[in-house]
Amino acid sequence: MANSKYEYVKSFEVEDEVFVPNLIIIRIDGRDFLRFSQVHNFEKPNDERAVNLMNSCAVAVSEEYPDIVFSYGYSDEYSFVFKKSSKFYQRRASKILSLIVSFFTSVYVTKWKEFFPQKDLRYSPSFHARAIICCASIEVLQAYLAWRQNDCHINNQYETCLGMLVKCGKIESEAHEILKSTLQGTQKQEKNELLFQQFGINYKKLPELFRLGSCVFKTEVEDIVKYDENGAPVKRLRRKARIVHSENIAGKKFWNEHPCLVKELGNFEKDVGKIKPDYVRSFLFESKLMPCTWIVIRIDGCHFHRFSEVHEFEKPNDKQALNLMNSCAVAVLEEFQDITFSYGVSDEYSFVLKKETLFYQRRASDIVSVIVSFFTSMYVMKWKEFFPHKDLKYPPSFDGRAVCYPSSNIIRDYLAWRQVDCHINNQYNTCFWMLVMSGYSKSEAQGYLKGTQTREKNELLIQKFGINYNQLPIMFRQGSSVFRVEAEKTMEFENESPAEKLRNKVIVTHCNIIEHSFWKEHPSILDEEPQIH
């Protein structure tokens with residue numbers, strides 16, 4: 001396919017490879033899950049179904065991505081550890097973390113009714129990924145796991161005390177004041193005594209699920225693969241994910257008694273001494289995006305060729321699938337005010353953040369993961385709205401990346417590049433699928449189109465199929481632009497005085513964003529008048 005003059009914008013993309021021999025850990029957390037748990041009436045201090053839903057998602061992630069050999073989680077947090085030899089997506093940090101957080105989110109929404117059959121999901125849950133942890137050695141991994149499990153204990157003990165104090169009549173601020181003292185050292189014992197003496201609760205007898213957190217890793221188990229002609233089961237050893245609750249996941253005894261962990265990650269030579277969180281934090285692979293630059297988060301569907309085939313999307317374009325993508329993009333702009341414009345085509349969307357944004361302090365991992373996660377969540381939740389007669393056969397996922405562009409001219413060139421790409425790809429796909437539907441094999445259609453130019457493809461469509469390409473739906477040819485416009489004036493009261501205020505609304509349009517006229521008509525998108533060359 002032909003290249004465009006806008007291809008140069010690809011040079012602004014930076015590779016964020018995590019180099020061997022560093023081990024890779026992805027840690028994800030629920031975004032604003034305190035509010036999420038309140039809205040959905042989770043039990044306090046722990047909701048067993050909510051924790052089991054998290055564990056079920058972690059199992060699904062482990063089974064989907066074989067390079068993940070160990071994970072640990074509690075509450076609304078999960079950490080995923082990749083095998084040391086992993087080449088998963090060539091070890092690119094943004095690709096790895098966005099895929100994991102996207103798939104986890106997708107499974108969470110998909111499985112919600114399995115764990116909460118009587119509760120509707122009232123709004124889209126989302127997660128964000130902390131910076132990738134680059135473990136320079138097995139000792140750093142051990143220290144990291146000890147840190148997270150210790151955090152699980154501290155938080156759960158505190159929340160258990162807080163919950164019991166509130167239940168016995170204290171208001172929450174009073175309960176916090178009682179528990180205000182530091183949570184280290186002898187204070188742990190004092191909290192155990194508080195629970196036992198005031199409420200008759202032996203903390204060590206509370207469910208391990210809450211006190212210790214959950215580990216997920218694969219072990220070999222006998223599984224029935226088929227039945228012979230006599231009806232007898234035929235069994236094979238298969239690796240299956242299991243959930244374990246262990247007292248000390250960073251202890252050498254626990255770790256070294258599981259050969260699969262030692263083989264893929266290494267063995268622990270001795271037990272961890274004093275936990276030093278600052279030591280572990282020093283291995284965070286954190287990328288802050290350059291200040292005073294436009295940030296683009298581009299997301300792409302993961303293996304959407306297969307997804308579209310399984311779900312029988314129309315070829316070459318499925319209007320409902322594109323409208324679903326557009327609806328998700330609208331939701332993203334409504335959720336995140338720092339996004340000023342987005343452009344989408346097929347299974348791809350680009351989100352442009354204001355150049356002065358301090359969204360998540362411009363941390364790439366947080367920005368990418370939150371946008372990808374929220375988009376994925378909306379995609380699953382809105383599926384039935386656009387495909388009422390089709391079941392979602394498996395959880396979809398997206399990957400994402402962040403790129404900085406220094407000027408409004410270059411950001412416009414970036415968007416022009418994506419729209420040119422939309423035209424090139426759509427014209428090719430229209431020709432390709434018309435040939436296939438007329439009897440050509442896929443390889444024959446590819447051969448037929450090899451080396452053809454725009455004019456030749458237009459002639460092919462007219463002469464062979466009676467299709468005028470320029471009269472096909474504009475959404476297919478030019479993609480979709482999503483941005484805010486001033487909608488209406490409303491009367492609001494400030495200090496008992498009426499005041500007119502403008503309300504914005506997010507719209508979807510299908511138009512030419514390559515021409516300067518679009519940007520002259522909508523100067524507020526880039527917060528400046530475009531310069532005319």
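Details
- Computed E for PHE199/LYS520 - FRET, C-beta separation, R0 51 angstrom, nearest 0.05: 0.15
- Cross-linked pairs LYS315/LYS393; LYS354/LYS505; LYS319/LYS354: Cα-Cα separations exceed 25 Å for LYS319/LYS354.
- Reachable aspartates and glutamates, given that their alpha-carbon falls under 13 Å from the alpha-carbon of LYS111 and they are not under 8 places away in the same chain: ASP120
- The stretch 359-478 - Debye-derived log10 I(q)/I(0), Cα point model, q = 0.16, 0.19, 0.23, 0.24 Å⁻¹: -1.04, -1.09, -1.17, -1.21
- To the nearest ten degrees, helix 319-335 and the longest principal axis of the Cα atoms of the chain are 60 degrees apart.
- Test item: Cα-centred dipole of the chain, Lys/Arg +1 and Asp/Glu -1 on Cβ, debye: 1120 debye
- Straight-line cross-link partners of LYS167 among the lysines, defined as a Cα under 22 Å from its Cα and at least 8 positions apart when in the same chain: LYS44, LYS180, LYS188, LYS191, LYS204, LYS205.
- Listed residues GLN118, LEU99, ASN150: farthest to the positive end of the dipole of the stretch 87-200 (Cβ charges): LEU99
- The apolar share of the surface of the stretch 101-164, taken as the fraction of accessible area on carbon and sulfur atoms (1.4 Å probe, ligands and nucleic acids excluded), comes to 49 percent.
- Entry for Cα Rg over 2.2 N^0.38 Å (calculated from the structure that is shown) out of (i) 1.32; (ii) 0.95; (iii) 1.11: (iii)
- Rg [Å, one decimal], Dmax [Å, integer] - the stretch 122-212, C-alpha atoms: 16.4, 49
- From the alpha carbon centroid of the stretch 316-369 to that of the stretch 94-151 is 21 Å.
- The simple spin-label model puts a point 7 Å past each Cα toward its Cβ; for GLU269 and ILE462 those points are separated by 7.6 nm.
- Neighbourhood charge, 13 Å Cβ-Cβ cut-off, centred on SER79 and excluding it, Lys, Arg +1 and Asp, Glu -1: -1
- Fully extending the segment from ASN248 to LEU472 would add 74.4 nm, taking 0.36 nm per residue of separation and subtracting the current Cα-Cα distance.
- Model label points for ASP527 and THR509, set 7 angstrom from Cα along the Cα-to-Cβ axis, are 2.1 nm apart.
- Per-residue ellipticity at 222 nm computed for the chain from its helices equals -13500 deg cm²/dmol, with DSSP H segments shorter than 4 residues left out and the rest contributing -39,500 (n - 2.57).
- Protection proxy ranking of 515-521, 120-126 - average other beta-carbon atoms within 10 Å, highest first: 120-126, 515-521
- Straight Cα distances below 22 angstrom link LYS226 to the lysines LYS218, LYS235, LYS240, with same-chain residues fewer than 8 positions distant left out.
- Enclosing the Cα atoms of the stretch 152-256 in their convex hull gives a volume equal to 155 cubic angstrom per residue.
- The stretch 257-401 shape via C-alpha gyration tensor axes, a/c threshold 1.5: oblate
- Cβ-Cβ distance of GLU17 and VAL221, R₀ of 41 Å, FRET efficiency by 1/(1 + (r/R0)^6): the value works out to about 0.70.
The values are calculated or read from the model by the stated rules, or taken from the named source; none is laboratory data. Every value quoted in this text rests on a predicted model; they were computed, and no experiment measured them. Neighbour counts are summed over all protein chains in view; Cβ atoms, including those assigned to glycine, are modelled from backbone coordinates with ideal geometry. Surface accessibility is based on the protein's heavy atoms, side chains included, excluding ligands, DNA and RNA. Shrake-Rupley method; radii C 1.70, N 1.55, O 1.52, S 1.80 Å.
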